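Chemist: Below is a structure I'd like to ask you about.
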Amino acid sequence: MELIFLILSLLIILFSAELFTNGIEVFGETLSLSQAVVGSVLAAIGTALPETIVPLVAILLYKGKEGAYIGVGAILGAPFMLSTVGLFLIGLGIFISYFFKRRSKLEIHLEYSTFLRDLSFFLFSYSLAIFFPLIFPNTKFLHYFIAVFLIINYIIYLFCTFRADSLELESVRDLYLNKVLKIISFSFNRKILIIFLSIFQVVLALVLMIKGAHIFVENLEIISKKLGIEPLLFALILAPIATELPEKCNSFLWTLRGKDTLALGNITGAMVFQATFPVSVGLLFTTWKIKGLALFSALITLFLGVFYLIILKIFKKLPPYIFFISGFFYIFYIYLIIKTLAS
């Protein structure tokens, strides 16, 4: 029964991702927004909200060390999962779409300026939050200063994204809720109605995604216990995958359709958001002592960001297979966790 619910929850998440991508595309097209704004801001924040709630609840509602540990782990886990599994799935999606003749060339349709801006803001914010507290430990005033600075930095990022040049959205399919328009017979401004329906569809998709992720985690935990898998191992390895499923599913679907700019913007934009707002909460309300495997996950995330940034600066593009490196680092990190728990 748990296996049936597990499969059902994945189908709910995939269905919700389809609803979300369709709704966010129609909303962006209706308001004449660019791909950078839709991918890096609207889609990124929308799909980042579910896993952002986890550390907020853990830190602010569950007082004490346990809540702080869970919160900090969730904060660090989000950008790590995005930079490893998230980017790996984009690379995989490109190969799959090429194999099924959905794209003529095996290449990433990359918007150079958007990807460069997102990675630069992310690396600057995340490096500041990770390294300064290590260099100057037990300095709470510094934590407050960095937290405020990160929020300001994200506001600057939003300003730069809205002001920057970016390609317009490609033509999108009709909104799935558009059939409602045929039922409504009274006179109403069509543009306003489409905006309202697209927002409703996006919110509905997010609610379904969160519910689907909860069902996924719950039944995965039951199965892991029945198979004799250590619950802590489940918490460290499997649960974060579920909380990041919205971004991964959305980006994977966009990649399959050749909309790589939206797919990458969803991942990198979420990374910028996760490196600013949730990190600020951690800096303000916890001791923010990053060490051990938690620190190593942050270092892997920063290394991958720097690596992709250097490759992009040198070659002005990224080969699709390069994102498989992200998958390798995730597997390597899982190996370290298993080895640590087994010792």
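Taken together, the values in this text are just the output of simple stated rules run on the coordinates, not laboratory data. Keep in mind that this is a model prediction, so the values were computed, not measured. Because the Cβ atoms are built from the backbone with ideal geometry, glycine has one as well, and the counts that use them run over all protein chains shown.
Chemist: Between TYR335 and PHE196, take the C-beta separation as r, use R0 = 45 Å, and let me know the FRET efficiency to the nearest 0.05. Write down the numbers at each step before the final one.
Modeler: Values: r = 49 Å, r/R0 = 1.08.
So the FRET efficiency works out to roughly 0.40.
Chemist: Would you calculate the separation in nanometres between label points at ASP174 and PHE307, each defined as 7 Å from the Cα along the Cα-to-beta-carbon direction?
Modeler: 4.6 nm
Chemist: Something else now. Let me make sure I get this right: for the stretch 265-343, a, b and c are the square roots of the gyration tensor eigenvalues over alpha carbons, sorted descending. Under 1.5 in a/c it's rounded, otherwise prolate if a/b > b/c, else oblate. Which is it?
Modeler: Numbers: a/c = 2.57, a/b = 1.23, b/c = 2.09.
The shape class here is oblate.
Chemist: What is the extension gain from PHE159 to LEU142, computed as 0.36 nm multiplied by their sequence separation minus the C-alpha to C-alpha distance, in nm to one decimal?
Modeler: Numbers: separation 17, 0.36 × 17 = 6.12 nm, distance 2.56 nm.
Taking 0.36 nm per residue and subtracting the Cα distance, the gain is 3.6 nm.
Chemist: Show me the ranking of peptides 193-200, 262-269 by mean Cβ neighbours inside 10 Å, starting with the highest. Could the numbers behind the result be given before it?
Modeler: Working: 193-200: 17.0, 262-269: 30.8.
Highest mean packing first, the order is 262-269, 193-200.
Chemist: Please arrange THR340, THR255, THR261 by counting, for each residue, the other beta carbons lying within 10 Å of its beta carbon, fewest first.
Modeler: Going from least to most buried by this count: THR340, THR261, THR255.
Chemist: Which of LYS211, LYS313 comes first, and how do the rest follow, when ranked by fewest Cβ neighbours within 10 Å? Spell out each step's value before the answer.
Modeler: Details: LYS211 14, LYS313 10.
Sorted ascending by nearby Cβ count, the order is LYS313, LYS211.
Chemist: Okay, next question. Which order do the peptides 274-286, 326-338 take when ranked by the mean count of other beta-carbon atoms within 10 Å per residue, highest first?
Modeler: On the way: 274-286: 23.2, 326-338: 15.6.
With the highest mean Cβ count within 10 Å placed first, the list reads 274-286, 326-338.
Chemist: First check a/c for the stretch 262-310, with a ≥ b ≥ c the square roots of the eigenvalues of its C-alpha gyration tensor; if it is under 1.5, answer rounded, and if not, answer prolate when a/b is larger than b/c or oblate otherwise. Intermediate results must be reported in sequence, preceding the final value.
Modeler: Details: a/c = 3.13, a/b = 1.37, b/c = 2.29.
Oblate is the answer for the stretch 262-310, as a/c is 1.5 or above yet b/c matches or exceeds a/b.
Chemist: Sorting ILE90, ILE156 on the 10 Å Cβ count, fewest up front, what's the list? Let's see the in-between values first.
Modeler: Details: ILE90 22, ILE156 11.
So the residues, fewest neighbours to most, are ILE156, ILE90.
Chemist: Karplus couplings for the stretch 277-294 from phi (6.51 cos²θ - 1.76 cosθ + 1.60, θ = phi - 60°), rounded to Hz, Gly and Pro as x?
Modeler: My calculation for the stretch 277-294 gives 5, x, 5, 4, 4, x, 5, 7, 10, 10, 6, 6, 9, 9, 8, x, 5, 5 Hz in order.
Chemist: Which value in nm describes the separation of the simple spin-label points at GLU2 and LEU293, placed 7 Å from the Cα toward the beta carbon?
Modeler: Once both label points are built, they end up 2.0 nm from each other.
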